[in-house]
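Asker: There's a structure below that I have some questions on.
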Ligand code: SAH
C-alpha cells in the first residue's frame, strides 16, 4: 500500500527533518494510529514532496519526520489548467473545487456573471469564501495524491476575467447553444501547455457575455444535447480536456 499523505508548510525541512502541524500530527497519530518508523509522504502544496519515516512523536504529540527522499511535482499534470466557473450559492462550488482538484486544475477563478445572483461586493465575505475553498482544495490535493494545492483567485466579474486571458493559452467557453462546437474542434494539441476553461453558473451566460468572449477569439464548446448542472459541467469539461491531452491515462 502507498504511504499516507500529509500536508506540511512550505520550507519546513531543516536538517533532514520536518515536523507536521498539530492537526496533521493528530490525524497521523490518533486517527491513523501511526507509530515511530512508519513511512509517510508529506507534500507542501507548492509541488514539493518528501518521503520519510516517523522519527519521533514529541511530547506535544507532534510528528517529526526523517526525510529520505524529495520529489518535485508529484501527481501534477504537464498542462496548466485554469477553471473559471460561475460562482453559486451554497456548497455547489465546493464540489467544483473538489472535483477540479482531482482532475488536475492548477487555478480556480470564481466568476461573477451577469445572470448569477451571487455578488461579493463585501471583500470580507469574499475572503471568507476563498478561505473555505482553499480548505476544500487542500483536502482534495491530499486525497488525490497531488503535491500542488490549486490556487483560488478572489472572485472576479466575467468581464474582468476576460481581460486577464490571452492567446498564449487555449481558451474555451462551454455554452449550450447551436453555435458551440465539439471539443475535438477546439484546437487542443500535443503542444498545448495552458488551457482556460470557462463555465457558467446555473443561469448560464448572457448574450452580451457570449459576444464579448467570441469577439476575443474564445471558442464556444458544446457538451452535447443535455444541459448539465453547473457543478457537473465544470468537472466534465476538465475531464474532457485532460483526457484530450493524454492526462487521464
Ligand atoms: N440555462 C442555462 C444553462 C446553464 S448550465 C443556459 O442556457 O446557458 C450551467 C453551465 O454549464 C453553462 O453556463 C455551461 O457553461 C455549462 N453547460 C451545461 N450544459 C452544457 C452543454 N450541453 N454544453 C455546453 N456547456 C454546458
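Asker: Tally the residues that are closer than 14 Å to residue 238 by Cα, in a loop (DSSP other than H, G, I, E, B) and in contact with a helix residue (DSSP H, G or I) (Cβ under 7 Å, 6 or more places away or on another chain), restricting the search to the stretch 195-222.
Answerer: 1
Asker: Got at least one residue in the stretch 92-109 being buried (at least 20 other Cβ atoms within 10 Å of the Cβ) and over 21 Å from residue 241 (Cβ atoms)?
Answerer: No.
Asker: Looking at (1) touching a strand residue (DSSP E or B) at 6+ places or on another chain (Cβ under 6 Å); (2) without any contact (Cβ under 8 Å) to a residue 24 or more places away in the chain, which is the only condition residue 163 fails?
Answerer: (1)
Asker: Looking at (1) near the ligand (Cβ under 6 Å from one of its atoms); (2) under 19 Å from residue 118 (Cβ atoms), which one does residue 227 not meet, given that it meets all the others?
Answerer: If we test residue 227 against (1) near the ligand (Cβ under 6 Å from one of its atoms); (2) under 19 Å from residue 118 (Cβ atoms), just (2) comes out false.
Asker: How many residues does the stretch 25-50 contain that are buried (at least 17 other Cβ atoms within 10 Å of the Cβ) and within 22 Å of residue 76 (Cα to Cα)?
Answerer: Result for the stretch 25-50: 10.
Asker: Further, regarding this structure: Given (1) touching a residue at least 60 places away in the same chain (Cβ under 8 Å); (2) touching a strand residue (DSSP E or B) at 6+ places or on another chain (Cβ under 8 Å), where does residue 208 come up short, assuming only one miss?
Answerer: In the conditions (1) touching a residue at least 60 places away in the same chain (Cβ under 8 Å); (2) touching a strand residue (DSSP E or B) at 6+ places or on another chain (Cβ under 8 Å), residue 208 misses (2) alone.
Asker: A further question follows. Within 14 Å of the ligand (Cβ to nearest atom) and either out of contact with any helix residue (DSSP H, G or I) (no Cβ under 9 Å at 6 or more places or on another chain) or at negative phi (or both): which single residue out of 128, 113, 58, 101 fits that description?
Answerer: The conditions single out 113.
Asker: Restricting to the stretch 230-245, and then to whatever is away from the ligand (no atom under 11 Å from the Cβ) and not in a loop (DSSP other than H, G, I, E, B), can you tell me which residue is nearest to residue 79 (Cα to Cα)?
Answerer: Once the filter is applied, the top-ranked residue is 242.
Asker: Further question: From the residues in the stretch 166-189 that are outside any loop (DSSP other than H, G, I, E, B) and out of contact with any strand residue (DSSP E or B) (no Cβ under 6 Å at 6 or more places or on another chain), which one is nearest to the ligand (Cβ to nearest atom)?
Answerer: It comes out as 181.
Asker: What residue, among those in the stretch 193-217 that are more than 12 Å from the ligand (Cβ to nearest atom) and closer than 18 Å to residue 113 by Cα, is surrounded by the most Cβ atoms within 10 Å (Cβ to Cβ)?
Answerer: 196
Asker: Also: Please work out if residue 151 is within 30 Å of residue 131 (Cβ to Cβ), near the ligand (Cβ under 10 Å from one of its atoms) and surrounded by fewer than 21 Cβ atoms within 10 Å (Cβ to Cβ).
Answerer: no
Read the figures in this text as sums done on the coordinates, not as results from a lab. Everything quoted here is computed from the prediction, not taken from an experiment. Ideal geometry is used to build each Cβ from the backbone, glycine not excepted, and the neighbour counts take in all protein chains shown.
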